[in-house]
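Colleague: Would you mind keeping the following structure in view while I ask a few things?
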Amino acid sequence: MTPTQAGLASDVIVIGAGVIGAATAYFAARQGLSVTVLDQGLPASGTSSACEGNILVSDKELGPELELTRYSLGVWHGDLAEHKELWEFESKGGIIVASRESSLESLQRVVAVQKGFGVAVEELDPRALRDAEPHISPDALGGAYYPEDCQVQPMLVAAHLVRLAVAAGATFHAETRVTGFLRSGERVTGVRTSRGDFAAGAVVNCTGTWAGELASLAGVDVPVMPRRGFVMVTEPLPPMVHHKVYAAEYIDNVGSSDAGLQASPVVEGTPSGTILIGSTRERVGFDRTVSVDALRLLARNAIGLFPFLEHVAAIRHYHGFRPYCPDHLPVIGHDERAPGLWHAAGHEGAGIGLSVGTGKLLAQSLAGLTPDLDLSPFAPARFGAARPGTAGGSGHRREEATA
């Protein structure tokens, strides 16, 4: 007997149990909605298990993404404050470092604009920079300190938010692969899966890098694509890096649409003593091949930022696929092209930080409330009309993206 036949229709089906799906399920359940969460694997088995756990204000351009970032910070520190220890939440702050005069001048201009919009940031001269990070490169000319930048362990976030959602009344089905949509005319009324049909008043696509593939089953275009990234992990050390530290060039790479390999150093310590070294970006589809060139570039850039790393052993590396959207804005909200279908995807490297804000705002909308933040800049319909003659659904295959 399928769940639908058993009469177990839900208000909301959330597809995907990464951090964004988990957050959406949690806040929807908190709104009193009946929620079913489906995942092909286990919580955080995709992109959420292959990233650093950044919650950054410092790399956001002015506009809708910065507004969503600041809203999400309020959720992390407000709605979820009592759970911080569950996912190793660290308010460590971030430091952007400039090692060239041109980079320093650009950083100073950015800081001036950000201050005008209320972003908490402090310029650091060479002395102040070295007081904050004694082991920074002697080539560093200055920097900017962002006290709101934070860090979490993303796999713990996803796992615990799913658990909290279940405690609030949601149900979770692991190893459940979505193969198509149920439709009533043009309206999406549920999903077909490897474990039967599930009916619901709303279906939320939280499948990250695979969101475009899933959306295509409903005949709508959501151009989310995989962007591969590598992270290296060092041997445990005494505290040597005290903030999330990255080069000014990182901001340019985040905003770039270049398909080729890009790398800029991002270095930070962890509670266990290991140091995480990122970050690379390249669009190579779902190619999981280990790129020696990418790892070599990571190491060289990190040593340039913190020279002591030249004598530190890297004990492992991992990689995954960030959900990249060409206009660098996530896709959040109801898809008018396929009524009943909602999306929360395309956050790329900002997904961890934006997850809880995205989830809370979606939950408000799903409950028929006016969300705290205008979601129209993220509307799925910005990508054009639905394709004709696609009211049905066929097989849906997802590639794995774990390291």
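The values are calculated or read from the model by the stated rules, or taken from the named source; none is laboratory data. Since we're looking at a predicted model, the values are computed, not measured. Cβ coordinates were reconstructed from backbone atoms using ideal geometry, including for glycine residues, and neighbour counts include every protein chain displayed. For accessibility, only protein heavy atoms count, side chains too; no ligands or nucleic acids. Shrake-Rupley method; radii C 1.70, N 1.55, O 1.52, S 1.80 Å.
Colleague: Can you tell me which residue within the stretch 282-310, out of those that are within 30 Å of G212 (Cβ to Cβ), without any contact (Cβ under 8 Å) to a residue 60 or more places away in the chain and among the charged types (D, E, K, R), is least open to solvent (accessible area, probe 1.4 Å)?
Modeller: E282
Colleague: Let me ask something else. In the stretch 338-357, which residue that is more than 10 Å from the chain's Cα centre (by Cα) and under 26 Å from G219 (Cα atoms) is surrounded by the fewest Cβ atoms within 10 Å (Cβ to Cβ)?
Modeller: Of everything passing the filter in the stretch 338-357, P339 is surrounded by the fewest Cβ atoms within 10 Å (Cβ to Cβ).
Colleague: Would you confirm whether or not the stretch 149-160 contains a residue that is open to solvent by 40 Å² or more (accessible area, probe 1.4 Å) and either free of Cβ contacts under 8 Å to residues at least 24 places away in the same chain or small (G, A, S) (or both)?
Modeller: Yes.
Colleague: Of all residues in the stretch 114-139, count the ones that are touching a residue at least 60 places away in the same chain (Cβ under 8 Å) and of a type in the set (G, A, S).
Modeller: 3
Colleague: Out of G349, G357, G285, G304, report the one residue that is in contact with a Cys (Cβ under 9 Å, 6 or more places away or on another chain) and within 30 Å of E249 (Cβ to Cβ).
Modeller: After applying the criteria, what remains is G349.
Colleague: Output the number of the condition that A140 fails; it satisfies all remaining conditions of (1) open to solvent by 60 Å² or more (accessible area, probe 1.4 Å); (2) of a type outside the set (S, T, N, Q); (3) part of a loop (DSSP other than H, G, I, E, B).
Modeller: (1)
Colleague: Quick one: is A120 surrounded by fewer than 17 Cβ atoms within 10 Å (Cβ to Cβ), assigned to a loop (DSSP other than H, G, I, E, B) and among the aliphatic types (A, V, I, L, M)?
Modeller: Considered against the rule, which asks whether it is surrounded by fewer than 17 Cβ atoms within 10 Å (Cβ to Cβ), assigned to a loop (DSSP other than H, G, I, E, B) and among the aliphatic types (A, V, I, L, M), A120 comes out as yes.
Colleague: Of the numbered conditions (1) of a type in the set (S, T, N, Q); (2) at pLDDT 95 or above; (3) closer than 25 Å to P323 by Cα, S48 satisfies every one except a single condition; which is it?
Modeller: It fails just one condition, (2).
Colleague: Next question, about the same structure. Which members of the stretch 75-92 meet the condition of being open to solvent by 40 Å² or more (accessible area, probe 1.4 Å) and either touching a residue at least 24 places away in the same chain (Cβ under 8 Å) or β-branched (V, I, T) (or both)?
Modeller: Those that are open to solvent by 40 Å² or more (accessible area, probe 1.4 Å) and either touching a residue at least 24 places away in the same chain (Cβ under 8 Å) or β-branched (V, I, T) (or both): D79, L86, E88, E90, S91.
Let's see how each residue does on (1) in a strand (DSSP E or B); (2) of a type in the set (D, E, K, R); (3) under 30 Å from G201 (Cβ atoms):
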{"site": "P265", "(1), (2), (3)": "yes, no, no"}
{"site": "P271", "(1), (2), (3)": "no, no, no"}
{"site": "G278", "(1), (2), (3)": "yes, no, no"}
{"site": "T289", "(1), (2), (3)": "no, no, no"}
{"site": "L295", "(1), (2), (3)": "no, no, no"}
{"site": "N301", "(1), (2), (3)": "no, no, no"}
{"site": "L309", "(1), (2), (3)": "no, no, no"}
{"site": "I332", "(1), (2), (3)": "yes, no, yes"}
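Colleague: Got a sec? Which of L62, L33 is open to solvent by 10 Å² or more (accessible area, probe 1.4 Å), over 15 Å from G353 (Cβ atoms) and without any contact (Cβ under 8 Å) to a residue 60 or more places away in the chain?
Modeller: So the residue among L62, L33 that is open to solvent by 10 Å² or more (accessible area, probe 1.4 Å), over 15 Å from G353 (Cβ atoms) and without any contact (Cβ under 8 Å) to a residue 60 or more places away in the chain is L62.
Colleague: Among the residues of the stretch 311-330, what is the count of those that are open to solvent by 40 Å² or more (accessible area, probe 1.4 Å) and outside any helix (DSSP H, G or I)?
Modeller: Looking only at that region, the number is 8.
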